[in-house]
Each structure stands twice: as structure tokens, then as C-alpha cells.
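The values are calculated or read from the model by the stated rules, or taken from the named source; none is laboratory data. Just so we're clear, the structure is a prediction, and the values are computed from it rather than from any experiment. Please note: Cβ atoms are built from the backbone with ideal geometry, for glycine as well, and neighbour counts cover all protein chains shown.
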Amino acid sequence: MKFETPATTNPIDQLKIVGKPVDRIDGPRKTTGTAPYAYERHDVAPNQAYGQVLGAGIAKGRVTAMDTSAARAAPGVVAIVTTLDMPRLEKGKTNTASLFGGPEIQHYHQAIAVVVAETFEQARDASAMIRVEYARTPGRYDLEAEMPHAELTAPESDDDSPPPPPEDRVGDFEGAFAAAPVTLDATYTTPDESHAMMEPHASIAQWEGDKLTVWTSNQMIAWGKRDLAKTLGLEPGNVRIESPFIGGGFGGKLFLRADAVLAALGSRAARRPVKVALTRPMIANNTTHRPATIQRIRIGAGSDGRITAIAHESVSGDLEGGKAETAVMQTKLLYAGANRLTAMRLAVMDLPEGNAMRAPGEAPGLMALEIAMDEMAEKLGMDPVEFRIVNDTQVDPEDPARRFSQRQLNECLRLGAERFGWARRNATPGARREGRWLIGMGMAAGFRNNLVMKSGARVLLDASGGVTVETDMTDIGTGSYTVIAQTAAEMMGVGLDKVTVRLGDSSFPVSAGSGGQWGGNSATAGVYAACVKLREAVAQRLGFNSAEAEFADGVVRGGNRSAPLGEAAGADGLVGEDTIEYGDLAKRFQQSTFAGHFVEVAVDVATGETRVRRMLAVCAAGRILNPKSARSQVIGAMTMGVGAALMEELAVDKRHGFFVNHDLAGYEVPVHADIPHQEVIFLDEVDPISSPMKAKGVGELGICGVGAAVANGIYNATGVRLRDYPMTLDKMLDRLPELA
Amino acid sequence: MKPFTYERARNPSEAAAAARQPGARFIAGGTNLIDLMKLQIETPTHLIDVNGLGLDRIEPTPEGGLHIGALVRNTELAADARVRRDYAVLSRALLAGASGQLRNKATTAGNLLQRTRCPYFYDTNQPCNKRQPGSGCSAIGGITRQLAVIGASEACIATHPSDMAVAMRALDAVVETVKADGATRRIPIAEFHRLPGDTPHVETALEAGEFITGVTLPAPLGGKHFYKKVRDRASYAFALVSVAAVVQPDGSGRVALGGVAHRPWRVEAAERELPRGAKPAMAAILSGARPTHENAFKVTLAERTLASVLADARG
């Protein structure tokens, strides 16, 4: 199905099941421990052995020798594969550093061996017996020091269209900024961050001749299959991937990683199935992370509060051949202003590979931009909510002919202000105190583009009227199983109890996968398309006019007769399969999602400890397919935003080039005690431009802006303006009030 | 994890005797040791499980204090009515540490013996004088925000991570042990944990095989009890700085600090400054501090935290 014109009325609009806050259908399996995660797939292949990955102990240089004799002689060891056993493997399309092979070390904890043994403990013990000699070479580990060498770089385009210019200019920024009566020129920094998902990267691999099956934890099945085949030099048709349950990804599992490659290599060497999980320290330094940024923002406005000039420039680093953190992209679209400049610079560095993490670009970009907006509002003597509302735009500021398909940012901000009690905020910083706590309120706009992705599904009807959906879509905790079941149930006119959803198998039709908050809308749109096909087949088989047939309560009705849905299936069942594809609506309209984030913080006047007291997000993101799972997505993202604001930072050892705090004791993320009352409101919105579902994504919108809202709250509480994340107490201690 | 043998000890002196063999370690709650074994930072060849030894009672002493068995779990100790009434600083310190699940397992003796959380100690690719004596300290010049500001050496700038021990230092607890030859001794907590010097791998006054049987608290001090732990998140984090304090109505009192040194940090002579306020008191307590650029804030933080405690004491 090609989606080329805005959606009109369709069966989803019945909203009998879609749009309802139903419990997630995989919930009971998860809460009873019976949802099988990759490392637990003991049943899929007999005689599994355990692989332990050894990571490089240096950040840059070469492996000159590896002595595996002691490890090979260790109890239980079945096979050892080292990086010196083979030339550097081909890289997958989504990989920057090589995942294995050859002597060169490109980053700390890059995989250099896998040890396969009868037990996990034996494999781990033996891996520590491998003696490695290195020749070290100096590396570049300090982003600030590399800034002078950073080069302008263009963002990747989402499709085949040419990339935008590296330095994107509209009007005369410098002239307008110089002429503006009120200006801000400030620099903000965000640190490297780790996905820190609960489930580590894990894979089980099994060979049958040239055919490889990998049970893994991966957000993008088709990418994983493609890149695994390329890395190992296999025909893609000989690779099968299964990933039905994923214990969190946040972008860290978008790509093929060393666990899958080394499970496959270990299995080939051991001639039996091998399972591999990356250890927690490897997550930080072996896999990808969100890169640090240094961002300069300049804003000029008239005394009426209207922005006349806005510039956002960001520097980030990555390995050779890597890409920039796209921290300036939202600034192209979020606020009005005739004179604009955005630019990104990329420094080549030797830290581990940077890549997408929940709202890549937007999350760190808004962490900076939305503090700058708060600072400007104060300079203008305006309320920060009002300042944003004044600068709203309903069109793409760089291309005013392009309208937003829906843009209810102002509505989010107004409703949020009202519900949160924003009017009670004291605009004078440091003026509200309760006991030892300084209390402040902060807000920020949230913004994340809505991406639509081609997505396929197959829907099978059986004689009992049961419907089974098969698609390689993944559920990374987001609720994909449930919204897909709701979609199929709505379309086929059956209850949720009649729907089975099977996900994450590369033998199923290729879907959008889970990333970029495109999964929910795109994957359900694919299921919609397949259901349309199935409805046609049902109508034809039962002799109904497919345009008039109604599907409800397990019965098909048309004219003055009806028939049970299952009757169409016959003994062999009936299948509908299709893929949703998109025309140029995404080019003609700007599709985005919006939020107003409001936060109240308390800062200990003595210690500078910041504790969030309450949070509100008001979101406008198209049709909400399931308000319950959508709310879970948003509060999870808000929590991650608090982490980014207050504690998350991969600490770089600038001498040796690695992230030092590579475990969950050192890399702090919020715990329950950090997360108080959270509220989420979804505006009533449908967006017929986005897809037949009229939905958009929410999973990344929820984090966008939260960090800045916390930072602005800290400023309101204390009068201390912080511009460097995370906003830990050491950065404000010397500016807090003197104590008696 | 290296292969190891395992036995269950039947009494303290048998445990101490068994621990004479090289590579032997006691195990109780295992909340720190097992993690370190997985990372091969600890590589015992023999484990002596002491969980069956009893030593799990909290009993009054003839001197009016409390005797705490070595195997009393942190949860029980924190919840004990006598501890909460007479040694509230200890109860509060315990509850500020770890998580509920860990406190259910962790023991009194094990808490005293937990090892540093210095990130370089945890990464076996990096030199560390605690892990490999003489290999060097990779923390010095590296990421030091969490590390010591006083009492450190050229060999080690690690901190002791315990909260419980900081409160016990303020209370002048005494650690009771039995040696491999059956002899017992009482070690004042002030002498129990060592500064790193040039042997940072030697962390306590315990001899090889010496087994902790319990901890005695002297008679109650009265006064108001505080344990204020400062950290980046609200729970389940090690202290940047913690202040254990017992403050009397006349403004005199005792103060011990966590998160600043290789052992709970207390300077008795400095406590006479307490009635004059946090600034002079902390200047005396942290006299001679040599923080790094990254952790210099701890000196200010300690002073401000103490100021907050003293304000609460007056309130």
C-alpha cells in the first residue's frame, strides 16, 4: 500500500480497540519470567556452549602478540578465536569501527578474542588467561582539545535526497544578531552518555552448514541480518535472526554488535551453538554511546520578544568515518526568526564509537537550546512560556511554503502551564525556600520529528476466526506487541483475545523496526495495510462487496447477510500480506511531535543536591494508539531526561582514552527515589498526514527538553545558571548562599 | 571467577585456623567479595563460609553498651530498637547505604571489610597498587571526582566506601577478633582501617586469618545524632561526602566523615572547634587536605554539610 494522500476515514477510526488503554498483551509473560530473552533461549538449540568476549586493554594501537596457551589448556575450554586469526572483518553499513579481526585497535574494549567453554564461569576464567601484548599509539580523547581540528559536516539525510549544506544559512544571521537589542551568546556542553539498558547485548548462534541462525537482542532485524551477512561474508539468505523480546535498547541495539559476530565465530570454531553476552563494562566501551557535544547558541530578539536571529553550532567527536551528533537539527524548525544559522562540526577522535541514543540530536540539542531560551526570556523580562509562544511558527522557518502537518506546541505549553500551576512560580530566582530546600520551577519545549518508515506485515486468519500477525518488528519494551494486536483486532473486527502477534523474526516481512520513535506508527501502518489485503480476501471468499463489508464481533456483514469471519479461512487459512510505503507527504509537510515539559525541583541549600519533586509532560503526537503504553514510554523518557540532567556522564580518562565508570555503580541513572510524581497528558490530536493510523511517535518526544526543564528549574531555585551537564552539585556549590 | 574450594566453618577459632592457608577468604553476605571474584579482582582459592557461626545477636554489655555480632545483618542492626534509640547515627548510616536487598545480606563484619569503589581498582587493565602492589596508581591524574582528599599517598587515593563504619568511628566502636592461634583482641575502630601509605593493599589492622567476631559500642553518648550523606542521586550511591555527627546540647560533639579518605575520617582534636561552627571545625578536620582539581569541591561540601547538620542540631 502506498500512502500518498492524507488519510481519510478508515476502520481504525472506529476506535473500539485502538486508542484504548489496554494492558500490554505480553505483560503476563514478562511478569512471570516466561518471555524468553536472547540469553535464556536454552530450548532453541541443544548443546550450547558459552562464549566470553575479551576486550582490548588499550584505546589505540595494535595487538602485537596473543598467547592463548594457558587459556586453551584451561578446564572446559572448547575453542578460542582471536583477532589475529583473521583479517579485519567487513564492516556492516551501520558500523563505524570494525567489530573484529586484524591487529589494529580502534577503541578501548574493542573485541580481540572470544573464548568458548562448557560453562560461563570457565569461559570467563579462561578469557582472563590470554596474555596480550600491545603497541600503543597516541590517541585523541579530549573533545575540547580537538575542537580546533573539527570540520564542518552535513547531517545524513533520511532518504536519497541530497544532504543539507554543512552550514545552513537563512537571511543574514550576523547582521541581524548585531542589530538585535537583546542578545545571548552562550556555550553549553553535554557529556558522553551510555544507553545503560537492563539487558546486555546477547546472542546465541548456531550453524547448519553455511546457514547461520542467531537468537539475539536487536531493535532492527533487517539491518542486523544485512550487516551480519556482510560482516561474515555470507549470503543474506543464509542468515536468520530472531529477537522476539528485548530488555531495553534505547538505540544501543539498533546495530549489529560484537555479541552476535563473536557468537557466530565462536560457534563456527566450536562446531556447536554458542551463547555470548557482553559484560556490563563492555556496554560502555565496546558498544556505542551518545557522543558529547559542545554547543554555542546565539539568539537575538527585538524588545517585543520576537526572535530575529538564531544560530546553533555544535561540535562532537567520533572515530574516523563516523558522524556528528545532530544537535542542531531541531533549531532549524522549532522557533520562528528570519535570520538563521546552524552548523555541525565533527572532530576525529579515538574514543569508542558514537551513535544513536534515544532522540539522537534532539535530546542533547534541546538540553542546550531550551536553556538558551530560558536565558533569553529572562533578558527580555518575559515569562519563558510566553516567550516560546510568541516565537511559534506553523511553517518550516527555512521553507515557509512547507507547513507542519500538525503543530500544537502552544497548546501543550498553555495547558501545561495551567495544569502545573506555573503561575505560582516566582520569577525571581532563589526566592522560594522550604526548610533547607530551595524550590524552583522550570519548563522547556519538547520537539522530535516524526519519521515514517516502510513497514511490512503478514496477517493470517484461521478457521476459528483467530488472527495471527507476523512481522519482523521488535518490541523493546515499548508496547509494539500490544498496539499491533489492537490494530489487527480493530481492522478484522475481532477481540484482542483472538489476536496472536509474532515479532522479531527475519523470516517475517520486513518492518520499520524500533528506532527514531518511528516504530509504533510505521509498524501498525504496515499491519493496517496487510489487514486491508486480508479483508479484501475475506470479502471475496465470502462473496461480499469488500468496499461495503463490515467486520465486527468476529462476523462479516454486508447487504442483509452475515458470515462468521473464520468461515473465510477454510481449512488452510487465509493470508493478507502487504507493506506500507510512503509518497512525498513527508517532504510536502513537516511532521513533528511536540511537548511542554514542566518540572519542579528542590535544591539543598547546603549541599547543592538537586531532587526533582514533580514533573508534567503535555504531548501532542497524533493519535495515541494506546494511552497506557504511550504514557509508560513518556514517563520512562522523562526519567531518562532527569538522568541526563542530574547524573549521567561517561567519565573520559583523557590520558588512556576510555570511559572509566563502566558499570552501573559508576554510571548513575535515576533510581526510584529520584523519580517522584510524574504526569502525562496527551492532547487530542489525529494527524492524517502521517499514516492511515494518524499516529506519530512518543518514545523519544518524552526525553526531548526534559534536561533543560530541570536545569531551568535549578536556576529558578538557586539563581545559579548551569550550562554544563550533568548538573551535579560540585558545579554550583561555590555559588550557593553562604550558610550561617 | 577462578575455581575455589569451599568449607563451612563450625566455630570462630576453627574459621580463623582454616584461614591460615594462603588464598583463603571468609565469606558471609558475599555482597562485595563475589562481585570482585567475578572480575578476578579477588581470586581466593578457598572460601570459608562463616554464616553458620551464630554471631548474629545484638546484646547489652556490662558497661552499658551494645555488642553486635559479626554476622548481624545490616537490616537487623539498623532496625534494632536499642540502636535506633541510643545510636541513631549508626541506624541512619546503615539505612543510607546500599539497597534493601543488599542490607538484608550484608553483615556487620563484612561491611567493615568492603573494598574501595575506585573505578581504576575495578578495571583490571589499569595498574592499581591495591590489586597488584607496586604496579602503580592509575587513578592519580585520572578521574578522581569520587576519590580521597585527605590522608592519601602517592600510591593510592582510594576511599573507603562504608557508611556504617563512619558512624562507628564517631561512636568509638571496638572491633573484636580471634586470631588463628585462638587469641582474641580488641581493636579500636580508629586503628582498624589504615591509611594507604605505600602499602594500600593492606587495608586493615587484621592479621592473616584473623576473624572478626563482633563490634562493641560503648555506652550511649546521648546528644542528637545525624548521618547526612551527600550523593548525586537520592539512593543507592556511594557518598561524595558523608557526615556522621553526635552533637550535645552545649554544642560540643563528635564528627566523622565518609567519602574523603581511605578510612572513616575523624580528628578528635578538631572537635573542640565545633561550638565555634562548621567553618573552623571543618578547617581543622580537613587540615592538610590535598584534593585534586576534580574533587576539591569535597572540602567545601564537607564544611557546608557539617553546617547543615549543626543547624539541624540547634533547631
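Results for (1) among the small types (G, A, S); (2) at pLDDT 95 or above; (3) outside the structural domain of A:I689 (by TED's automatic domain parsing); (4) touching a strand residue (DSSP E or B) at 6+ places or on another chain (Cβ under 7 Å), shown as yes or no for each residue.
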{"position": "A:T342", "(1), (2), (3), (4)": "no, yes, no, yes"}
{"position": "A:D383", "(1), (2), (3), (4)": "no, yes, no, no"}
{"position": "A:E386", "(1), (2), (3), (4)": "no, yes, no, no"}
{"position": "A:I389", "(1), (2), (3), (4)": "no, yes, no, no"}
{"position": "A:L409", "(1), (2), (3), (4)": "no, yes, no, yes"}
{"position": "A:R414", "(1), (2), (3), (4)": "no, yes, no, no"}
{"position": "A:R425", "(1), (2), (3), (4)": "no, yes, no, yes"}
{"position": "A:L438", "(1), (2), (3), (4)": "no, yes, no, yes"}
{"position": "A:A444", "(1), (2), (3), (4)": "yes, yes, no, yes"}
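Which residue pairs have Cβ atoms under 7 Å apart, sit 6 or more places apart or on different chains, and have a first residue in the stretch A:74-88 that is away from chain B (no Cβ under 14 Å) and within 10 Å of A:A126 (Cα to Cα) and a second that is small (G, A, S) and crowded, with 21+ Cβ neighbours inside 10 Å? Pairs that qualify, where the first residue is away from chain B (no Cβ under 14 Å) and within 10 Å of A:A126 (Cα to Cα) and the partner is small (G, A, S) and crowded, with 21+ Cβ neighbours inside 10 Å, are A:I80/A:A71; A:I80/A:A113.
Only a single criterion out of (1) under 24 Å from B:G23 (Cα atoms); (2) within 13 Å of chain A (Cβ to nearest Cβ) is not satisfied by B:G97, namely (1).
Evaluating A:A606 against the criteria (1) more than 24 Å from the chain's Cα centre (by Cα); (2) part of a strand (DSSP E or B) leaves one unmet condition, (2). Of all residues in the stretch B:111-127, those being closer than 14 Å to B:N32 by Cα, of a type in the set (S, T, N, Q) and surrounded by fewer than 24 Cβ atoms within 10 Å (Cβ to Cβ) number 1. Please work out which one of (1) in a strand (DSSP E or B); (2) touching a residue at least 60 places away in the same chain (Cβ under 8 Å); (3) not polar (S, T, N, Q) is the condition A:P400 fails and give its number. Going through (1) in a strand (DSSP E or B); (2) touching a residue at least 60 places away in the same chain (Cβ under 8 Å); (3) not polar (S, T, N, Q) one by one, A:P400 breaks only (2). Applying the condition of being of a type in the set (V, I, T) and under 30 Å from A:Y108 (Cβ atoms) to the stretch A:656-696 and asking which residue is farthest from the other protein chains (Cβ to nearest Cβ) yields A:V669. Residues considered: B:L274, B:L240, B:L286. Of these, the only one that is surrounded by 17 or more Cβ atoms within 10 Å (Cβ to Cβ) and in contact with a Ser or Thr (Cβ under 8 Å, 6 or more places away or on another chain) is B:L274. Tell me, please, whether a residue that is surrounded by 24 or more Cβ atoms within 10 Å (Cβ to Cβ), touching a residue at least 40 places away in the same chain (Cβ under 8 Å) and under 27 Å from the mean Cα position of the chain (by Cα) can be found in the stretch A:419-440. No - not one qualifying residue is present in the stretch A:419-440. Looking at the stretch B:20-64, the strands (runs of 3 or more DSSP E) lying wholly inside it that each contain 3 or more residues that are under 30 Å from B:A219 (Cα atoms) sit at B:58-60.
Among the residues of the stretch B:99-108, those that are in contact (Cβ under 8 Å) with a residue 40 or more places away in the chain and over 20 Å from B:I189 (Cβ atoms) comprise B:S99, B:L102, B:K105.
Where residues in the stretch A:686-714 are within 21 Å of B:L301 (Cβ to Cβ) and in contact with a helix residue (DSSP H, G or I) (Cβ under 7 Å, 6 or more places away or on another chain), which of them is surrounded by the fewest Cβ atoms within 10 Å (Cβ to Cβ)? Per the criteria, the residue is A:A711. Screening the stretch A:429-455 for residues that are assigned to a loop (DSSP other than H, G, I, E, B) and under 30 Å from A:T331 (Cα atoms) and picking the one that is nearest to the other protein chains (Cβ to nearest Cβ) gives A:G430.
Pairs are defined by a Cβ separation below 7 Å, a sequence spacing of at least 6 or placement on different chains, a first member in the stretch B:8-30 that is more than 14 Å from B:T43 (Cα to Cα), and a second member that is basic (K, R); the pairs so defined are B:A16/B:K179; B:G29/B:K105. When residues in the stretch B:265-304 are screened for being within 14 Å of chain A (Cβ to nearest Cβ) and either touching a strand residue (DSSP E or B) at 6+ places or on another chain (Cβ under 8 Å) or in a helix (DSSP H, G or I) (or both), 14 of them pass. Do we have any residue at all in the stretch A:689-699 that's assigned to a loop (DSSP other than H, G, I, E, B), of a type in the set (D, E, K, R) and closer than 17 Å to A:Q590 by Cα? Scanning the stretch A:689-699, I find at least one residue that is assigned to a loop (DSSP other than H, G, I, E, B), of a type in the set (D, E, K, R) and closer than 17 Å to A:Q590 by Cα, so the answer is yes.
Could you check the stretch A:634-654 and list, in sequence order, the residues that are out of contact with any Pro (no Cβ under 8 Å at 6 or more places or on another chain), surrounded by fewer than 24 Cβ atoms within 10 Å (Cβ to Cβ) and either closer than 13 Å to A:V710 by Cβ or not hydrophobic (A, V, I, L, M, F, W, C) (or both)? Once the filter is applied, which keeps residues that are out of contact with any Pro (no Cβ under 8 Å at 6 or more places or on another chain), surrounded by fewer than 24 Cβ atoms within 10 Å (Cβ to Cβ) and either closer than 13 Å to A:V710 by Cβ or not hydrophobic (A, V, I, L, M, F, W, C) (or both), the stretch A:634-654 yields A:G636, A:D653, A:K654.
Against the test of being within 14 Å of chain A (Cβ to nearest Cβ) and either in a strand (DSSP E or B) or closer than 21 Å to B:R92 by Cα (or both), the options B:A307, B:A244 yield a single qualifying residue, B:A307. Somewhere in the stretch A:629-645, is a residue at positive phi and either away from chain B (no Cβ under 14 Å) or part of a strand (DSSP E or B) (or both)? Within the stretch A:629-645, not a single residue is at positive phi and either away from chain B (no Cβ under 14 Å) or part of a strand (DSSP E or B) (or both).
A quick yes/no check of all residues on (1) of a type in the set (A, V, I, L, M); (2) within 29 Å of A:T213 (Cβ to Cβ); (3) in a loop (DSSP other than H, G, I, E, B); (4) outside the structural domain of A:D578 (by TED's automatic domain parsing):
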position: A:F508; (1), (2), (3), (4): no, yes, yes, no
position: A:G513; (1), (2), (3), (4): no, yes, yes, no
position: A:Q517; (1), (2), (3), (4): no, no, yes, no
position: A:N521; (1), (2), (3), (4): no, no, no, no
position: A:V527; (1), (2), (3), (4): yes, yes, no, no
position: A:A530; (1), (2), (3), (4): yes, yes, no, no
position: A:E536; (1), (2), (3), (4): no, no, no, no
position: A:A539; (1), (2), (3), (4): yes, no, no, no
position: A:A547; (1), (2), (3), (4): yes, no, yes, no
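Quick check: is even one residue across the stretch A:81-96 surrounded by fewer than 20 Cβ atoms within 10 Å (Cβ to Cβ) and among the hydroxyl-bearing types (S, T, Y)? Yes, the stretch A:81-96 contains a residue that is surrounded by fewer than 20 Cβ atoms within 10 Å (Cβ to Cβ) and among the hydroxyl-bearing types (S, T, Y). If the condition is being facing chain A (nearest Cβ under 7 Å) and farther than 21 Å from B:F238 by Cα, then the stretch B:117-140 contributes only B:N125.
From the list A:G705, A:G719, the one residue that fits, being more than 23 Å from the chain's Cα centre (by Cα), away from chain B (no Cβ under 14 Å) and on the phi > 0 side of the Ramachandran plot, is A:G719. Whenever a residue of the stretch A:15-34 is assigned by TED's automatic domain parsing to the domain that holds A:V501 and in a helix (DSSP H, G or I), its partners that are among the β-branched types (V, I, T) and surrounded by 14 or more Cβ atoms within 10 Å (Cβ to Cβ), lying with C-beta atoms within less than 9 angstrom and at least six residues away or across chains, give the pairs A:G27/A:T482. Scanning the stretch B:82-124 for residues that are within 19 Å of B:T213 (Cα to Cα), in a loop (DSSP other than H, G, I, E, B) and among the aliphatic types (A, V, I, L, M) yields one hit, B:A106.
Return yes or no: is B:A170 among the aliphatic types (A, V, I, L, M) and within 26 Å of B:T43 (Cα to Cα)? For B:A170, the condition - among the aliphatic types (A, V, I, L, M) and within 26 Å of B:T43 (Cα to Cα) - is not met. Candidates in the stretch B:190-210 are the residues that are touching a residue at least 60 places away in the same chain (Cβ under 8 Å) and touching an Asp or Glu at 6+ places or on another chain (Cβ under 7 Å); of these, the one that is surrounded by the fewest Cβ atoms within 10 Å (Cβ to Cβ) is B:R194.
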